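The values are calculated or read from the model by the stated rules, or taken from the named source; none is laboratory data. What you see is a predicted model, and the numbers here were worked out from it, not measured in a lab. Cβ atoms come from the backbone with ideal geometry, glycine included; neighbour counts cover every protein chain shown. Just the protein is used for accessible areas: all its heavy atoms, side chains included, with ligands, DNA and RNA removed. Shrake-Rupley method; radii C 1.70, N 1.55, O 1.52, S 1.80 Å.
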Amino acid sequence: MAEPLDREERDAALPTAKTIDELRELATGCRACDLWARATQTVFGDGPASARLLVVGEQPGDSEDVQGAPFVGSSGRLLDRALVDAGIDRDEVYVTNVVKHFKWRRAASGKKRIHQKPDNVEVEACRPWLEAEVARIKPELIVCLGATAAQALLGRAFRVTKQRGEVLDSDLGPTLATLHPSAVLRSPDDREEMYAGLVADLRAAAAWLAQSVPAAARR
Ligand code: SF4
């Protein structure tokens, strides 16, 4: 594990990491907010350095916290299926979260760890990691899953339910927001409809990418 880094040290170290692997190693020691203390480990982004599409969710869940990789639990499996249904090759997508440590509380029963939404201070504290990932990967399109990621990139007034599925400008580049797979899983009554909406939005992302000139061709 890297040396522990407070926020100032983290910000000073970021430019020294030239690759995603170097960033990931640095992030193992991040202490820029309090979330590291109760989590098992930093869960950094994963995927090819040449990815044209970067998908960003809220934060790692319980399974991701234990396994140390993003989108490996039930939400990740649903995301995998939705990407396939939208005609997107999962192996060509870089996946990450706006917050890299799992925030949770203990259930009343005492065993289960219950997800807690990160607050704005935590999202802001973690944002330099996302900015650094975007700067290294240079994706042509960013897809935000759920309100936390969408509002981090598109502003706090953004409403996923009303403005999803459209490519908009964010300060990190062209960005489309859609539902988080966990929201689909949490809605047994509307699950099929919500899943179809998620796939439709991902298809819109694929169509946008299909008409975009790959970055490599522009260099
Ligand atoms: S949540 Fe982000 S900013 Fe906070 S300690 Fe973890 S990696 Fe650092």
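Where residues in the range 10-27 are among the basic types (Lys, Arg) and either within 12 Å of the ligand (Cβ to nearest atom) or out of contact with any helix residue (DSSP H, G or I) (no Cβ under 8 Å at 6 or more places or on another chain) (or both), which of them is nearest to Arg127 (Cα to Cα)? Quick ask: steps written out before the conclusion?
Pass one, the range 10-27, residues among the basic types (Lys, Arg): 10, 18, 24.
With either within 12 Å of the ligand (Cβ to nearest atom) or out of contact with any helix residue (DSSP H, G or I) (no Cβ under 8 Å at 6 or more places or on another chain) (or both) added as a condition, the list becomes 10, 24.
Numbers: Arg10: 12, Arg24: 14 Å.
Residue satisfying both the conditions and the ranking: Arg10.
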Whether any residue in the range 53-69 is of a type in the set (D, E, K, R), surrounded by fewer than 22 Cβ atoms within 10 Å (Cβ to Cβ) and without any contact (Cβ under 8 Å) to a residue 24 or more places away in the chain is what I want to check. no
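Residue-by-condition table, conditions (1) at pLDDT 95 or above; (2) part of a helix (DSSP H, G or I); (3) within 15 Å of the chain's Cα centre (by Cα); (4) crowded, with 16+ Cβ neighbours inside 10 Å:
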| residue | (1), (2), (3), (4) |
| --- | --- |
| Cys126 | yes, yes, yes, yes |
| Trp129 | yes, yes, yes, yes |
| Glu133 | yes, yes, yes, yes |
| Val143 | yes, no, yes, yes |
| Asp189 | no, no, no, no |
| Glu193 | yes, yes, no, no |
| Ala196 | yes, yes, no, no |
Name the residues in the range 70-95 that are of a type outside the set (Gly, Ala, Ser) and surrounded by fewer than 16 Cβ atoms within 10 Å (Cβ to Cβ), would you? Arg77, Arg81, Val84, Asp85, Asp89, Asp91, Glu92
Scan the range 166-176 residue by residue and report those that are out of contact with any Gly (no Cβ under 8 Å at 6 or more places or on another chain) and either hydroxyl-bearing (Ser, Thr, Tyr) or under 15 Å from Leu209 (Cα atoms) (or both). Glu166, Val167, Leu168, Asp169, Ser170, Gly173, Pro174, Thr175
Flagged in the range 30-52 as more than 11 Å from the ligand (Cβ to nearest atom), open to solvent by 20 Å² or more (accessible area, probe 1.4 Å) and aliphatic (A, V, I, L, M), in numbering order, are Ala49
Inside the range 1-14, the number of residues satisfying the requirement of being open to solvent by 80 Å² or more (accessible area, probe 1.4 Å) and assigned to a helix (DSSP H, G or I) is 3
Yes/no for Asp91 being free of Cβ contacts under 8 Å to residues at least 60 places away in the same chain and within 15 Å of the ligand (Cβ to nearest atom): no
Selection count where residues are of a type in the set (A, V, I, L, M, F, W, C) and within 10 Å of Val55 (Cβ to Cβ), scope the range 83-101: 4
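Can you pull out the residues in the range 94-133 that are within 10 Å of the ligand (Cβ to nearest atom), of a type outside the set (D, E, K, R) and either touching a residue at least 60 places away in the same chain (Cβ under 8 Å) or farther than 18 Å from Val56 by Cα (or both)? Break it down stepwise before answering.
Filtering the range 94-133 down to residues within 10 Å of the ligand (Cβ to nearest atom) leaves 97-103, 118, 121-130.
Imposing the further condition that a residue be of a type outside the set (D, E, K, R) reduces the set to 97-99, 101-102, 118, 121, 123, 125-126, 128-130.
Val99, His101, Phe102, Pro118, Val121, Ala125, Cys126, Pro128, Trp129, Leu130, listed by residue number.
Can Ala69 be described as within 11 Å of the ligand (Cβ to nearest atom), modelled with pLDDT of 95 or more and either not β-branched (Val, Ile, Thr) or not in a loop (DSSP other than H, G, I, E, B) (or both)?
Working: within 11 Å of the ligand (Cβ to nearest atom): no; modelled with pLDDT of 95 or more: yes; either not β-branched (Val, Ile, Thr) or not in a loop (DSSP other than H, G, I, E, B) (or both): yes.
Criteria not met by Ala69.
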